[in-house]
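Okay, so here's the structure we're looking at.
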Amino acid sequence: MPNKERTERQRLAVIATRQHGVVSIRQLEHLGFGRSTVTDEVASGRVHRVHRGVYAVGHQRLSWHGHCLAAVLANAPAAVVSHFSAGWLWDCC
C-alpha cells in the first residue's frame, strides 16, 4: 500500500473512531477519497452505506450513537438529534 493511501486510511480510522464508526462523503473527499474510490471501498466491504452520503467504516454494527450521528450527517448541515433520540443521548452520556 503506497504511503499516501496508508495515510488516508489512518486518518479515516481516526475520524471514524471519534464519530462512532461513521463518516460522511464530504469527510472522505476531504481525506482524498474520490467518488470512484468510495465505490471501490463499498464493493470491497471496507465501508458500508448507512444513508445517502454516509458510511460505516469497517463494519455495519453501529451503536445507537453511531446511528444518530449517521442520521445527522446524512441531513447536514442543518440537522440535529431531537425528541426521543436526544433524550436518550443526554441521559446515557
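Listing for the model above:
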{"item": "Number of the condition not met by Gly21 [criteria: (1) on the phi > 0 side of the Ramachandran plot; (2) open to solvent by 20 Å² or more (accessible area, probe 1.4 Å)]", "result": "(2)"}
{"item": "Where a residue in region 37-53 is free of Cβ contacts under 8 Å to residues at least 40 places away in the same chain and its partner, wherever it lies, is surrounded by fewer than 16 Cβ atoms within 10 Å (Cβ to Cβ) and part of a strand (DSSP E or B), with Cβ under 9 Å and at least six apart", "result": "Val42/Arg49"}
{"item": "Index of the failed condition, Gly66 passing every other in (1) part of a helix (DSSP H, G or I); (2) open to solvent by less than 60 Å² (accessible area, probe 1.4 Å); (3) without any contact (Cβ under 8 Å) to a residue 40 or more places away in the chain; (4) of a type outside the set (A, V, I, L, M, F, W, C)", "result": "(3)"}
{"item": "Residues (open to solvent by 50 Å² or more (accessible area, probe 1.4 Å) and touching a Leu at 6+ places or on another chain (Cβ under 8 Å)) located in region 51-63", "result": "His51"}
{"item": "Conditions (1) open to solvent by 50 Å² or more (accessible area, probe 1.4 Å); (2) in contact with a Phe, Trp or Tyr (Cβ under 9 Å, 6 or more places away or on another chain); (3) of a type in the set (Val, Ile, Thr): number failed by Val47", "result": "(1)"}
{"item": "Residue under evaluation Ala13, criteria (1) touching a helix residue (DSSP H, G or I) at 6+ places or on another chain (Cβ under 9 Å); (2) open to solvent by less than 60 Å² (accessible area, probe 1.4 Å), criterion not met", "result": "(1)"}
{"item": "Any hit, region 26-38, residues being surrounded by fewer than 12 Cβ atoms within 10 Å (Cβ to Cβ), in a loop (DSSP other than H, G, I, E, B), more than 11 Å from the chain's Cα centre (by Cα) and at positive phi", "result": "no"}
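The values are calculated or read from the model by the stated rules, or taken from the named source; none is laboratory data. It should be emphasised that the depicted structure is a prediction, and the values quoted were computed from it without experimental measurement. When we count neighbours, we look across all protein chains shown, and the Cβ atoms used for this are built from the backbone with ideal geometry, even at glycine. To get the accessible areas, we keep the full protein, side chains included, count just its heavy atoms, and leave off ligands, DNA and RNA. Shrake-Rupley method; radii C 1.70, N 1.55, O 1.52, S 1.80 Å.
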